Amino acid sequence: MIEVDCSELSGDAKLKLAVSISEGLEGTGIALLNGDDIVVDQLSGRKVENKEVQSLVEGFFSSGKKASLYRVESIGSTIVVHSAEPVPADRKKVTNSLPPGFFQCSVCGFVAASKAKYDNHVRMHDLMRGLAR
Ligand SMILES: [Zn+2]
């Protein structure tokens, strides 16, 4: 399991980062929100490497306007995101109301950036439940 320490990011940024990691892993893993952290869960197939997640995190921040404000560091199996811009404590929390266009899975906390992706994700749970029967 790979962890991304996002304690210096706002709730919105955490959600967007989680979505971006999930999409980058293309089905081999999903990124879930867990308090201040994002946890990457292995789904199936090949092993998700720490370096792969780190490069997705770096890619996410290097594409933004404020790229120079962020620094990504790897400490053991944890990837830590540092922000030069302090985030007020009340904006750090992921609120129950997601930004428009985001959908969160009630089973595992997975965040999807479109209804179609959300439906696909929920179907995966159904499939897994079916297999366990
Ligand atoms: Zn789920």
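FYI, it's all coordinate maths here, none of it is from the lab. In this text, all values refer to a predicted model and were calculated from it rather than measured experimentally. So basically every Cβ, Gly included, is an ideal-geometry build from the backbone, and we count neighbours across all protein chains shown.
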Value of [θ]222 nm, deg cm²/dmol, for the chain, DSSP H segments ≥ 4, -39500 (n - 2.57) each, nearest 500
-12000 deg cm²/dmol
Could you state the angle between the C-alpha long axis of helix 50-62 and the longest principal axis of the C-alpha atoms of the chain, as a value from 0 to 90 degrees rounded to the nearest 10?
60 degrees
For the chain, modelled as a Gaussian network with Cα springs under 10 Å, which listed residue fluctuates most, S83, S20, S97?
S97
Between helix 115-132 and the chain: long-axis angle, C-alpha atoms, 0 to 90°, nearest 10
50 degrees
Hypothetical label at I75: residues of the stretch 25-60 whose amide nitrogen lies under 14 Å (7 Å Cα-Cβ projection)
37
The chain: angle of helix 11-25 to the longest principal axis, Cα-based, in degrees nearest 10
50 degrees
Among V57, V107, V122, which one shows the biggest mean-square fluctuation in a GNM of the chain, springs joining Cα atoms closer than 10 Å?
V107
Can you list the aspartates and glutamates whose alpha carbon sits under 13 Å from that of K14, skipping same-chain ones fewer than 8 residues off?
E3, D5, D36, D37
Could you work out the relative contact order of the stretch 1-83, using alpha carbon pairs under 8 angstrom and six or more residues apart, expressed as a whole percent?
37 percent
Tell me the net charge near C105. Cut-off is 15 Å between Cβ atoms, C105 excluded, with +1 for each Lys or Arg and -1 for each Asp or Glu.
0
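Out of all DSSP beta bridges in the stretch 16-83, what portion is antiparallel? Express it as a percent rounded to 5.
Working: 12 of 12 bridges.
Percentage antiparallel, nearest 5: 100.
Return the subset of K66/K93; K65/K93; K16/K93; K51/K115; K47/K115 for which the Cα-Cα distance in this structure is over 24 Å, preserving the input order. List each step's numbers first, then the result.
Values: K66/K93 21 Å; K65/K93 22 Å; K16/K93 14 Å; K51/K115 30 Å; K47/K115 28 Å.
Distance filter (> 24 Å) returns K51/K115; K47/K115.
Once fully extended, how much extra length lies between M1 and D119, figured as 0.36 nm per residue of separation less the alpha-carbon to alpha-carbon distance? Display every interim value, and only then the final one.
On the way: separation 118, 0.36 × 118 = 42.48 nm, distance 2.48 nm.
Additional length available on full extension: 40.0 nm.
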Choice from L69, L25, L33 showing the highest fluctuation, given a GNM over the chain with Cα pairs closer than 10 Å:
L69
